[in-house]
1. Given the condition surrounded by 17 or more Cβ atoms within 10 Å (Cβ to Cβ) and assigned to a helix (DSSP H, G or I), answer yes or no: does some residue in region 160-170 qualify?
2. Could you list, in sequence order, the residues of region 99-124 that are within 17 Å of A142 (Cβ to Cβ) and touching a residue at least 60 places away in the same chain (Cβ under 8 Å)?
3. Pairs needed: first member in region 179-208, under 12 Å from R143 (Cα atoms); second member anywhere, assigned to a loop (DSSP other than H, G, I, E, B) and at pLDDT below 95; C-beta distance under 9 Å; at least 6 residues apart or different chains.
4. Just one of (1) surrounded by fewer than 21 Cβ atoms within 10 Å (Cβ to Cβ); (2) under 20 Å from V88 (Cα atoms) trips up P227, so point out which.
5. Keeping to region 188-197, report how many residues are touching a helix residue (DSSP H, G or I) at 6+ places or on another chain (Cβ under 9 Å), surrounded by fewer than 18 Cβ atoms within 10 Å (Cβ to Cβ) and in a helix (DSSP H, G or I).
6. Right, E209: open to solvent by 50 Å² or more (accessible area, probe 1.4 Å), part of a helix (DSSP H, G or I) and not polar (S, T, N, Q) or not?
7. Give me a count of the residues in region 51-70 that are of a type in the set (A, V, I, L, M) and either modelled with pLDDT under 95 or part of a strand (DSSP E or B) (or both).
8. Which members of region 234-247 meet the condition of being open to solvent by 50 Å² or more (accessible area, probe 1.4 Å) and in contact (Cβ under 8 Å) with a residue 24 or more places away in the chain?
Amino acid sequence: MVPTQQNFTKNRPIRRVKVRRPTLLMLLGAAVVLAVVIVGVVAQQPVQESTSTPAEQSGEKSGEQTLDLARRVDGEVTALGEVDAPVVLVEYADFRCPFCGVFARDTLPVLVEEYVDSGRVRIEWRDLPVFGEESTAAAVAARAAGEQGFFWEFAEVVFAGAPERGHVALPPERLLEIATEIGVPNLEQFFSDLDNAELLEKVNIDAAEARYLGISSTPMFVVNETPISGAMPVEVFRDTIDSELAKAGR
C-alpha cells in the first residue's frame, strides 16, 4: 500500500477525475514514466483510512479508473493557489534537476500570472529527490524555509542559480546561505530544521508516492487527469490547462 499522510485530505472534499488508459499512454509514448499509474492508481487514493475496496471508493463502473493526486490541504506551504481551484497541477521535482530549473524559470512565473493568481489553477509541489543526498537535503531545507513562509522563495533562488546542464551543488553551507539571502527570519531554527525528522518524512512520503506511480525522472507533471513529461514549452501547459478548465466549465 502506498504511504499516506493524514493531512493529505484534511479539511477538503475528495475530488475524483477519470483517467483513460489510452490517453496516458499516447501522451507518454513508449516511455514508462507513468505506465504504472493506470495499473494500480485507484488503490493509492489519499482518502481517510477505510476498509472499502478501490471500486467502492471510486464508485465507477467496471473498466473505468480514477486518479486524484490533488491533496488540496489548506495552508500547505508547498502549494500555490486557491485550495478549491478547478485545476490542480502536481509537479514532481528535484532541486538539483536542471530541467526542473528550466520550468521554474521559464514556465512557472507565466502560469502563476495567467492562471494561479486568477484562482483557476493550484500548483502542488511533490519532492522526488533523484540526484543523491544533496537533493534530499535541499528538499528538507526548502521545507524548513517553508515552515517560516519562504518555501517558494527558497526554490526560486535555488533554480535561478541552477545550470542548464548538470546538477547544482547544494552543500549545507549553501542552503544556509540561500536562507539568509531570502530573509528567513529565524536562521537558527532553519539550521536546526535541516535535521528535522518530520520534514524528512514528508519528503520521503512524496518520493514514495512518485515511485508507487512509476515516476522515476523529473520533472513530471499531472494536470488534473493529464500527464506532462518534462519541461515542455509553456504552450503545452496552457493547452492542457485550458482543456481541463473547459471540462470544468471554466
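1. Among the residues of region 160-170, not one is surrounded by 17 or more Cβ atoms within 10 Å (Cβ to Cβ) and assigned to a helix (DSSP H, G or I), which makes the answer no.
2. Across region 99-124, the qualifying residues are C100, G101, F103.
3. E201/Q5; K202/Q5
4. If we test P227 against (1) surrounded by fewer than 21 Cβ atoms within 10 Å (Cβ to Cβ); (2) under 20 Å from V88 (Cα atoms), just (1) comes out false.
5. Qualifying residue count, region 188-197: 3.
6. No.
7. Residues that pass the stated criteria total 2.
8. Within region 234-247, just R238 meets the criteria.
The values are calculated or read from the model by the stated rules, or taken from the named source; none is laboratory data. Only a predicted model underlies this, so the values are computations on that prediction, with no experimental measurement involved. Positions of Cβ are backbone-derived with ideal geometry, glycine not excepted, and every protein chain shown enters the neighbour counts. Accessible surface is based on the protein model in full, side chains and every heavy atom, while ligands, DNA and RNA are left aside. Shrake-Rupley method; radii C 1.70, N 1.55, O 1.52, S 1.80 Å.
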